[in-house]
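So the structure is just underneath, and the comments pick up after that.
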Amino acid sequence: MELLPAILMGFLGGWLANYLSDVLPSRRKLTQPFCPHCEHPQTWQGYFTLRPCPHCHKSPRPRVFLTLALGILLSVWLWLNPPAKMGYWLGWLILVYFGVVAIIDLEHRLILHVVSLFGYALGLGSGIYLHGLSSALLGGGVGFGVMLLFYLAGILFARYRAQKRGEDDDEEALGFGDVMLSGVLGLLLGFPRIIVGLIFGIMAGGIFSLLIILFLVVTKKYQSMTVFIAYGPYLLLGAFILLYTPKVLTILSGY
């Protein structure tokens, strides 16, 4: 019974991440839930209880159940291992935010401005509480600035790619939403940990990209300069490691 609050909060966090990831990309605001298959409005009760759509009769997508399961598992883990100072409740709120960003970026290759603005408010308040004002602001500035340089380099790469291919498909090596997200993570991590967080995230994204390329080469489907990934989840992974893994924080305590 002592884990019941964590299980309930995990379900609530997963449900909230699902709801926001469903409505924000298409509506850009909080609205009544709707079926992702036919976009027919659903009742709050039906959406919360995961009922099939009354209009097209299709069940919720697998992502919905996966998010709920991960939400419960992470909530229980966080309940049993709350990070020092951050504690369970702030840790839960940040995890829900991470979930919304990751799901939308994976499904739409997009980090919404409204999500980033909420992240800046959350990051600034949390960063000041965790690290102090100067560390939070410097971390936010460094995170934003470093990824802005990568973003500008990505624009040059996209122009070169379009010239080589003879067409412009509007693909970006790095989106400006990733720049905004890095600023949020800088506020949360503070300086200089944001540097380590970015390194972790960039390395994770690079390794995953390499694995995709190797798979495409083996299956003879690879085409030069055509592999693009959603980078937000990997940046979040780097921040997650530093925020929620005490052993890593201990190793970097001299930073």
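The values are calculated or read from the model by the stated rules, or taken from the named source; none is laboratory data. Please read all numbers here as calculations on a predicted model, not as lab measurements. Ideal geometry is used to build each Cβ from the backbone, glycine not excepted, and the neighbour counts take in all protein chains shown.
The set of residues from segment 202-226 being touching a helix residue (DSSP H, G or I) at 6+ places or on another chain (Cβ under 6 Å) and either surrounded by fewer than 13 Cβ atoms within 10 Å (Cβ to Cβ) or modelled with pLDDT of 70 or more (or both) comprises Ala204, Gly205.
Test Leu73 against the stated conditions and say whether it is over 19 Å from the mean Cα position of the chain (by Cα) and aliphatic (A, V, I, L, M). Taking the combined requirement at face value, the residue does not satisfy it.
Here's the yes/no breakdown for (1) surrounded by fewer than 20 Cβ atoms within 10 Å (Cβ to Cβ); (2) on the phi < 0 side of the Ramachandran plot; (3) without any contact (Cβ under 8 Å) to a residue 24 or more places away in the chain; (4) assigned by TED's automatic domain parsing to the domain that holds Tyr244:
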site: Tyr19; (1), (2), (3), (4): yes, yes, no, no
site: Arg28; (1), (2), (3), (4): yes, no, no, no
site: Cys53; (1), (2), (3), (4): no, yes, yes, no
site: Cys56; (1), (2), (3), (4): yes, yes, yes, no
site: Arg61; (1), (2), (3), (4): yes, yes, no, no
site: Phe65; (1), (2), (3), (4): yes, yes, yes, no
site: Leu74; (1), (2), (3), (4): no, yes, no, no
site: Pro82; (1), (2), (3), (4): yes, yes, yes, no
site: Trp92; (1), (2), (3), (4): no, yes, no, no
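Applying the set (1) touching a residue at least 60 places away in the same chain (Cβ under 8 Å); (2) among the hydrophobic types (A, V, I, L, M, F, W, C); (3) surrounded by 14 or more Cβ atoms within 10 Å (Cβ to Cβ); (4) out of contact with any Ser or Thr (no Cβ under 6 Å at 6 or more places or on another chain) to Trp15 leaves exactly one unmet item: (1).
Under the condition of being touching a helix residue (DSSP H, G or I) at 6+ places or on another chain (Cβ under 7 Å) and modelled with pLDDT of 90 or more, the residues counted in segment 26-62 number 0.
Total residues in segment 111-127 satisfying the condition of being more than 28 Å from Ser26 (Cα to Cα) and either surrounded by fewer than 17 Cβ atoms within 10 Å (Cβ to Cβ) or hydrophobic (A, V, I, L, M, F, W, C) (or both): the figure is 1.
Thr43 falls short of the stated requirement of being within 20 Å of Ile111 (Cα to Cα) and among the β-branched types (Val, Ile, Thr). Selection of segment 227-255 for residues being over 17 Å from the mean Cα position of the chain (by Cα) and modelled with pLDDT under 65 yields Val227, Pro246, Val248, Leu249, Thr250, Ile251, Leu252, Ser253, Gly254, Tyr255.
With the structure loaded, tell me whether Leu130 is in contact with a Lys or Arg (Cβ under 7 Å, 6 or more places away or on another chain) and either over 17 Å from Met180 (Cα atoms) or surrounded by 15 or more Cβ atoms within 10 Å (Cβ to Cβ) (or both) or whether it fails that test. It is true that Leu130 is in contact with a Lys or Arg (Cβ under 7 Å, 6 or more places away or on another chain) and either over 17 Å from Met180 (Cα atoms) or surrounded by 15 or more Cβ atoms within 10 Å (Cβ to Cβ) (or both). Please count how many residues of segment 15-32 are part of a loop (DSSP other than H, G, I, E, B) and hydrophobic (A, V, I, L, M, F, W, C). Total satisfying the criteria: 1.
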